[in-house]
Amino acid sequence: MDSQTLRKLQLVELDILKVVDSFCKKHNIKYSLYAGTLLGAVRHGGFIPWDDDIDILMERNEYDRFLTLWQSEGVAGYTMQATNNPNYEIINHTKIRKDGTILASKEEMQTDTHHGIWLDVFAFDKIPTDKRKRKKFLFKAKLRFVYTRGYPYEKGGKFLKLLSKILLIPPRKMQLKIRNRLERQIIDKYKDLKTDYDYICMGCPNDLKYFYKKELIENYTTILFEGIEVSTNANYDEILRFKYGDYMKLPPEEERVCTHNPEVIKFN
């Protein structure tokens, strides 16, 4: 993707962020910039120059409320692909897409779904600090990835990879029933914990190694992102150091690349 196209894409994503921010303010929903978007806000005052998406996060109860309110009200010109929608079950986070746009691979274009330019919304879940409970939680979280995405878990060693291949033998409908049962056993079971918990994002397998102290997640402030004031976790410096180390240092030039590289992109 050339720099002019990338910048055009970023500005469409910024429009989506403005819409989501306005919706959250209207309903008093807490959210924060997340991952590379938060890093970009702190280090660059907006997008990382080579970044091609926007990520935000919400604590699970805020996330559930966000889905419910958006699905009941909607926002004209934008479509939600939500994790509580039985017709959209292939990822563990929600996307807000802009109607009339496309950002997809040729393979994705063959599927009957919305392909618009998007903003990602991740949930942060409570995970118990008790070692035994945490171990069980993480194992079930990995199985949840298998059943959600429909392919073997690659990062858990040979045993988990083999096990996940076996688990994917039943029909898709049965897989999703098991996935929903796993969610009740980890997400629903712990979402109202009052003590002895950290936070974890279960949107991507790589996130399962990061446990965030509740003090880092449950306090909020505002920050400028591309000239607009948006919400973020108050302890963003600690969060970024925990996830990226010396985050103000730029990566090697060969790593400054877009992650999605779509084959089909349309802005209107």
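The values are calculated or read from the model by the stated rules, or taken from the named source; none is laboratory data. No experiment lies behind these values; they were computed from the predicted model shown. All Cβ positions, even for glycine, are placed from backbone atoms using ideal geometry, and neighbour counts span all protein chains on display. Remember, those area values only see protein heavy atoms, side chains included, never the ligands or the DNA or RNA. Shrake-Rupley method; radii C 1.70, N 1.55, O 1.52, S 1.80 Å.
The table below gives the values:
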item	result
FRET E, pair N268, K243, Förster distance 35 Å, beta-carbon r, rounded to 0.05	0.50
Binned Cα-Cα distances of the chain, short to long, each 10 Å bin given as a whole percent	6, 28, 36, 25, 5, 0
Within a Gaussian network of the chain (alpha carbon springs, distance under 10 Å), most fluctuating of E226, E13, E107	E107
Choice from I29, I166, I96 with maximal GNM fluctuation in the chain (Cα, 10 Å cutoff)	I166
Spherically averaged projected area in nm², based on the convex hull that wraps the Cα atoms of the stretch 225-268	5.6 nm²
Cα centroid of the stretch 2-20 to Cα centroid of the stretch 74-113, whole Å	17 Å
Computed FRET value (nearest 0.05) for H44 with D130, which takes r as the C-beta separation and R₀ as 51 Å	0.85
Square roots of five times the Cα gyration tensor eigenvalues for the stretch 126-268, Å	30, 24, 16
Rh (Kirkwood; distinct C-alpha pairs) - the stretch 46-196, Å	17.3 Å
Across K30/K142; K136/K165; K177/K213; K165/K214, pairs whose alpha-carbon gap is larger than 25 Å	K30/K142; K177/K213; K165/K214
CD proxy at 222 nm, helix term only [per DSSP H run n ≥ 4: -39500 (n - 2.57); per residue of the chain; nearest 500]	-12500 deg cm²/dmol
Residue of D64, D53, D112 that the Gaussian network model of the chain assigns the largest fluctuation, springs spanning Cα pairs under 10 Å	D112
All Cα pairs of the stretch 1-107, percent lying beyond 20 Å	44 percent
The chain - percent of accessible surface contributed by carbon and sulfur, probe 1.4 Å	51 percent
Extension reserve of the Y151-R256 stretch, reckoned as 0.36 nm per residue once the Cα distance is removed	34.9 nm
Average accessible surface area per residue within the chain, 1.4 Å rolling probe, Å²	52 Å²
